[in-house]
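The values are calculated or read from the model by the stated rules, or taken from the named source; none is laboratory data. Because the structure is a prediction, the values reported are computed rather than measured. When we count neighbours, we look across all protein chains shown, and the Cβ atoms used for this are built from the backbone with ideal geometry, even at glycine.
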Amino acid sequence: MNITLTFHAHQPNRLIPYDFFKIGEHAFYEDDRMNGRVLSEVSERCYLRANSMMKQLIELSDGKFKFALALSGVILEQAHYHRPDLIDSFRELADTGCVEFLAMPYYASLASLYSTEEFAEQVEEHMDLIEKLFGQRPTVLWNTGMLYSNAIAAQAFDMGFEGVMADGNSRMMSNRHTNDLQCAPLIAKTKTLIRNRHLSNDLANRRTDPTWSEYPLSPYTFAGWLAQQQGQVVNLSMDYETLGERQADTTGVFEFWRTMISAALFNGETFMTPTEAVREFPSVGTIDCPNPITCSTFGTTTHWNGNVMQQEAIKKIYDLEKAVKRSEDRDMIHVWRKLQSADHFHYMEKSNGFTPYPSPFDAYIYYMNALADLQVRVKREAEIIHNADKANLA
């Protein structure tokens with residue numbers, strides 16, 4: 001069986017407790033100390049250890065083991081400032097020639113839902129960064145939260161991507177086979193790689209669940225499940241934080257993955273990068289996905305935009321697009337884009353277990369106050385440009 005394995009890594013820029021009295025006076029919104037501390041802790045527990053293990057598996061298999069990474073521009077920025085050794089570690093993986101870096105919106109944003117122009121610009125910015133750091137120009141798109149629809153697939157085609165990732169959501173898949181490449185309607189040249197939702201969640205969620213009937217899962221058992229799959233390619237995808245962060249070292253997560261991958265290789269399975277898969281196999285059919293889907297629990301976007309607070313915050317940040325871009329102030333545009341990260345809206349949801357804030361309402365207040373300050377700055381910049389234009393005319 002052919003296998004593609006993709007990990008996604010992103011760390012948000014968490015906000016300081018930005019109160020009303022800072023508006024117009026304090027233009028730095030991020031808790032840089034917390035962001036650096038969290039990145040450093042997760043790097044030690046997860047990223048660096050996982051990278052080392054993956055590199056070792058590539059070397060021990062003489063390059064037969066391959067996988068892909070979708071790294072947001074935000075986490076790479078944080079690494080540049082706080083953990084440059086993490087970027088070096090990712091570079092070592094790139095140098096093996098067995099790791100593919102996928103394209104995604106630089107800021108892990110929801111721009112594909114709210115501004116096609118902004119989405120394209122963020123993806124281009126991300127691809128430029130990946131090429132600069134790792135010497136690769138991505139050819140496959142991994143959208144935020146694996147966001148996918150007919151419209152997103154069409155935009156991926158317009159941007160020249162050979163493939164785009166989508167979750168094996170039952171609402172979309174119908175009776176289509178998860179392990180076969182598909183295409184969106186009228187989009188024949190950009191193939192859709194479907195995430196095997198069940199097997200991916202076995203690894204990401206159920207492996208450490210003592211109520212699961214297969215607990216404790218043996219790596220040899222999982223390798224056997226891979227061998228029994230049918231279709232063109234099994235597409236496994238999950239957060240990189242699964243290794244050592246979501247599933248602590250005490251769960252045996254690193255030894256599980258090391259043994260499982262080795263067992264799969266021993267069984268004769270072929271690991272491929274996503275680009276190799278889309279170039280190797282034809283699409284077997286068309287999937288019609290008019291409404292956006294994600295790899296979230298319910299497969300929808302409601303964890304980002306399901307309540308009134310989230311909807312108001314999203315509307316206000318994207319309403320600023322024209323004014324911010326008209327300023328041509330690169331720093332201001334960068335700040336505006338960092339406020340688009342989907343995490344900010346997810347923190348406004350009650351069920352979010354990763355929030356750094358006391359409550360969803362606090363997340364909303366801090367965000368809206370920071371956004372109000374940005375609106376003040378944008379207005380001031382617009383007035384300066386307007387006055388300069390008047391002076392030139394005079």
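GLN311 passes all but one of (1) out of contact with any strand residue (DSSP E or B) (no Cβ under 9 Å at 6 or more places or on another chain); (2) more than 30 Å from GLN375 (Cβ to Cβ); (3) not charged (D, E, K, R); which number fails?
(2)
Which ones in the stretch 164-178 are modelled with pLDDT of 95 or more and either out of contact with any Cys (no Cβ under 8 Å at 6 or more places or on another chain) or not assigned by TED's automatic domain parsing to the domain that holds TYR148 (or both)?
VAL164, MET165
Against the conditions (1) modelled with pLDDT of 95 or more; (2) exposed (fewer than 15 other Cβ atoms within 10 Å of the Cβ); (3) closer than 18 Å to THR116 by Cα, where does VAL308 fall short? Just the number, please.
The single condition VAL308 does not satisfy is (3).
Going through ILE16, ILE75, ILE58, ILE87 one at a time, which residue ends up being in the same structural domain as ALA248 (by TED's automatic domain parsing), over 27 Å from PHE281 (Cβ atoms) and more than 19 Å from the chain's Cα centre (by Cα)?
Details: ILE75 fails: more than 19 Å from the chain's Cα centre (by Cα); ILE58 fails: over 27 Å from PHE281 (Cβ atoms); ILE87 fails: more than 19 Å from the chain's Cα centre (by Cα).
So the residue among ILE16, ILE75, ILE58, ILE87 that is in the same structural domain as ALA248 (by TED's automatic domain parsing), over 27 Å from PHE281 (Cβ atoms) and more than 19 Å from the chain's Cα centre (by Cα) is ILE16.
Answer yes or no: is there a residue in the stretch 121-142 that is aromatic (Phe, Trp, Tyr) and more than 25 Å from VAL38 (Cβ to Cβ). Quick ask: steps written out before the conclusion?
At the first step, the residues of the stretch 121-142 found to be aromatic (Phe, Trp, Tyr) are 134, 142.
From the residues that got through so far, the ones that are more than 25 Å from VAL38 (Cβ to Cβ) too are none.
No - not one qualifying residue is present in the stretch 121-142.
Considering only residues that are surrounded by 19 or more Cβ atoms within 10 Å (Cβ to Cβ) and either of a type in the set (D, E, K, R) or closer than 30 Å to GLN155 by Cβ (or both), which ones fall in the stretch 204-219?
Passing the criteria: ALA204, ARG207.
Among the residues of the stretch 247-256, what is the count of those that are crowded, with 17+ Cβ neighbours inside 10 Å and in contact with a Ser or Thr (Cβ under 9 Å, 6 or more places away or on another chain)? Give the steps one after another, and end with the answer.
From the stretch 247-256, those crowded, with 17+ Cβ neighbours inside 10 Å are 247, 253-254, 256; that's our starting set.
Going one step further and asking which of them are in contact with a Ser or Thr (Cβ under 9 Å, 6 or more places away or on another chain), we end up with 247, 253, 256.
Residues meeting the conditions: 3.
Report the residue count in the stretch 115-124 for those that are free of Cβ contacts under 8 Å to residues at least 60 places away in the same chain and surrounded by 16 or more Cβ atoms within 10 Å (Cβ to Cβ).
4
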